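Here the structure is laid out as structure tokens; the discussion comes afterwards.
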Amino acid sequence: MIALSAAAVVGLAVAALVIIVLLAALRSMVNIVQQGTVGVVKRLGEYRRTHEPGLVLIVPFIDSLQRVDIREIPRPGDRQDVITKDNVVVNVNATIFTQVVVAETALFSIANFDVALDALARTALRSVIGTMTLDQALSERERINTDVQQQMEAVTDKWGIRINRIEILEIAPPPNILQALALEKQADQEKRAKILQSQGQQQSAINVAEGDAQASVRKAQGERQASILRAEGQRQAAILESEGRAQAIETVYAAIKHAEPDPTLVAILQLDALAKFADSDNAKIVVPFESAGLLGAAQTLRSVLANTPTSPGTNANGARSGV
């Protein structure tokens, strides 16, 4: 009875062990690969194949499955001190976005690609920033990102890992350098303000001078145009006046010619003209040179008056007598 009990116990133990082995084999044979990862199958330590997400069946105890994340992974780096080209120590912090594109290469070409990527990023940052001055490092972050990415891709391509992008989070100079930069920035701003002010004053003076010059030109053009118009008016007036005089002379001459005046009428007209000269306010009277003609005209007029009967109120000399 005791011997049977021992055999039964052994049988139960063996049965339990077989069940455990079968469960372990079943668990090892049936695998599920999640979306965003791939399964790399190794048989006795040798690469066999790569499975896409889903159900994966392998040979238990012979094959093994290792899952590799193929999603883009941000890898924040630790802060590190970097020396610039002008010997200034800056504290740099960057984030690297990586992605495994060939799973079997990432597993078998590098022992631990996570550690390798972190070390590579540190050396690439030191190398790039070491070729730049402090001002360049602070103002050219895009250039730093591009140069570090190019240096890392030259190495990670053979690892089956792609560097999607690199973002420099912070570049922090020492406090004394920050204070000096602040003073330099303030001085630069004041310099720019003075330059802008002087340029504004210069432009204002130029605008005023140009305005005065244009006003002078406009004024000169206006005066010239006015002089031209005034001269044109005077010329036109002189022409009209001369034409009027010509027409008047022509009319008078035609009338005199048509009337056929005798010497007596001419003498009367000459005496009338002399009377008008005498009535003028001039202090001097200009007597024509032809005095003989005037005397002849006076003699003719006297003879005409002598032949004319006297009126009751006048004497023989033509003087009016008193009543």
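Taken together, the values in this text are just the output of simple stated rules run on the coordinates, not laboratory data. Just so we're clear, the structure is a prediction, and the values are computed from it rather than from any experiment. Cβ atoms come from the backbone with ideal geometry, glycine included; neighbour counts cover every protein chain shown.
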Subject >> Gain upon complete extension [ILE62, ILE239; 0.36 nm per residue less C-alpha separation] >> reply: 50.6 nm
**OP:** For ALA180 paired with ASN93, estimate the spin-label separation in nm (one decimal), with each label point 7 Å from Cα along the Cα-to-Cβ line.
**Re:** 2.5
Original post:
In whole Å, how far is the Cα centre of the stretch 240-258 from that of the stretch 136-170?
Top reply: 108
**OP:** Could you list ILE161, ILE206, ILE168 in order of exposure, starting from the residue whose Cβ has the fewest other Cβ atoms within 10 Å?
**Re:** ILE206, ILE168, ILE161
Original post:
Gain in length, VAL14 to SER216, computed as 0.36 nm per residue apart minus the alpha-carbon separation, to one decimal in nm?
Top reply: 60.6 nm
Original post:
What is the distance in Å between the Cα centres of the stretch 110-134 and the stretch 201-220?
Top reply: 63
Original post:
So what does the Cα-only Debye profile of the stretch 73-179 read at q = 0.17 Å⁻¹, as log10 I(q)/I(0), no solvent term?
Top reply: -0.74
